[in-house]
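Values in this text are rule-based calculations from the coordinates and carry no lab data. Not measured: the values here are computed from a predicted model. Cβ placement follows ideal geometry from the backbone for every residue including glycine, while neighbour counts extend to all protein chains displayed.
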Amino acid sequence: MAIEISNLNYVYMAGSPFEKHALQNVNLTISDGEFVGIIGHTGSGKSTLIQHLNGLLKPTSGTICVDGVDITAKGADLKKLRQKVGLVFQYPEHQLFEETVYKDIAYGPKNMGLTQDEIDERVREAMNYVGLTDKYMNRSPFELSGGQKRRVAIAGVLAMRPDVLILDEPAAGLDPSGREEILTQIKALYLARKMTVLFVSHSMEDVARAAGRIIVMNRGTVAMDGKPSEIFSHAKELRSMGLDVPQITQLAASLAERGIPIDNNIYTIERAKATILMLLAQKEKGAK
């Protein structure tokens, strides 16, 4: 499902002494099936941007078309839109409220007016997508770990079978194992469902691992837009915006400066490992 954003502007508290231009002339096209990372410092506009995509915020000016439908038009069916564009907020476990995992995930499908058999099918499907087995169904969501709570919250959105999944800082506040767990599950979900995913994060490492395209927001505008290799090659510009490149990219650049023939445009640990092993193999072969 494609998303077309044209000349989007949003002003908080317009006309008051606290007026702030949160988004300024944003133009973007998100193609069907893309995995897009959105990065930017606090206050850059990234969360404001994604809240426009399922109608939580109405633009001051500009248009947003989702699957060819102008969602900013008067009378737009926002209920239908939110079934197509699922948004998982930062710290989504704070929104869990039912007494069991099953009931929490079933809440959305139930409000869609589905039959009990359809609801049951969707709950089981969503739990499977996020790696939760049937043994969790009747457990209280409040007894689960932080990473498991996140997965329940994501499953609640997936149970509505959206075409677009938007995740706002899905790994925020988790310990390293919980972080790894949730990121691995999101990537597996994307590969299984072939859905469009927008992934907001402060972590350069997380975005580098998961996204095929990165949008950099700065002061309410799109500062950069491209593949991870293109974005992280602009380390100086990123730092001027309060961001940085992944630590592994910094390490590769440091090694290159010391004369080691390594590509300094490395941005994932997996690629760094493969490159270093190749260099060691070449060195060993040359020593024979």
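Per residue, the convex hull spanned by the Cα atoms of the stretch 141-288 amounts to 148 cubic angstrom.
Of all beta bridges DSSP finds with both residues in the stretch 87-228, what is the antiparallel percent, to the nearest 5? Taking every DSSP beta bridge with both residues in the stretch 87-228, the antiparallel ones total about 40 percent.
For the stretch 1-94, run through the trypsin sites (Lys or Arg not before Pro) and keep only the ones in DSSP coil with at most 16 other Cβ atoms within 10 Å of their Cβ.
Counting only loop positions with at most 16 other Cβ atoms within 10 Å, the trypsin sites (Lys or Arg not before Pro) in the stretch 1-94 are LYS74.
Compared with the dominant principal axis of the Cα atoms in the chain, helix 146-158 is inclined by about 60°. Can you give the % of DSSP beta bridges in the stretch 3-245 that are antiparallel, to the nearest 5? The answer is about 55 percent antiparallel.
Relative to the longest principal axis of the Cα atoms of the chain, the long axis of helix 176-193 makes an angle of roughly 70 degrees. Take ALA172, project a point 7 Å from its Cα along the Cβ direction, then tell me which residues of the stretch 32-50 have their backbone nitrogen under 19 Å from it. Within reach of a label on ALA172, which here means backbone N under 19 Å from a point 7 Å along Cα→Cβ, the stretch 32-50 contributes 36-50. FRET efficiency for the ARG219 to ASP117 pair, using the beta carbon distance and R₀ = 35 Å, is estimated at 0.10. Modelled this way, with points 7 Å down the Cα-to-C-beta line, the labels at ASP134 and GLU19 are 6.0 nm from one another. Can you pick out the pairs among LYS236/LYS273; LYS103/LYS227; LYS84/LYS187; LYS84/LYS273; LYS74/LYS149; LYS58/LYS194 whose Cα atoms lie more than 30 Å from each other? Listed pairs above 30 Å: LYS103/LYS227; LYS84/LYS273; LYS74/LYS149. In degrees from 0 to 90, rounded to the nearest 10, what is the angle of the helix 269-287 Cα long axis to the longest principal axis of the chain? Around 20 degrees separate the two axes. From the square roots a ≥ b ≥ c of the eigenvalues of the alpha-carbon gyration tensor of the chain, which class results: rounded (a/c under 1.5), prolate (a/b over b/c), or oblate? It comes out oblate by the Cα gyration axes. The length gained on full extension between ALA2 and ASP70, counted as 0.36 nm times the residue separation minus their Cα-Cα distance, comes to 23.3 nm. Legend: calculated FRET efficiency, ALA274 to THR29, from the Cβ-Cβ distance at R0 = 25 Å, rounded to 0.05, equals 0.20. Mean separation of Cα pairs under 8 Å and 6 or more residues apart, divided by the residue count, gives the chain a relative contact order of 22 percent.
Highest GNM mean-square fluctuation among SER203, SER47, SER254, for the chain modelled with Cα contacts below 10 Å: SER254. Label-to-label distance, THR100 versus GLU143, with points set 7 angstrom from Cα along the beta-carbon direction: 1.2 nm. Entry note, the chain: the mean residue ellipticity at 222 nm calculated from DSSP H runs of n ≥ 4, each adding -39500 (n - 2.57), is -12000 deg cm²/dmol after division by the residues and rounding to the nearest 500.
At an R0 of 45 angstrom, the distance between the Cβ atoms of LYS285 and ALA235 translates into a FRET efficiency of 0.85.
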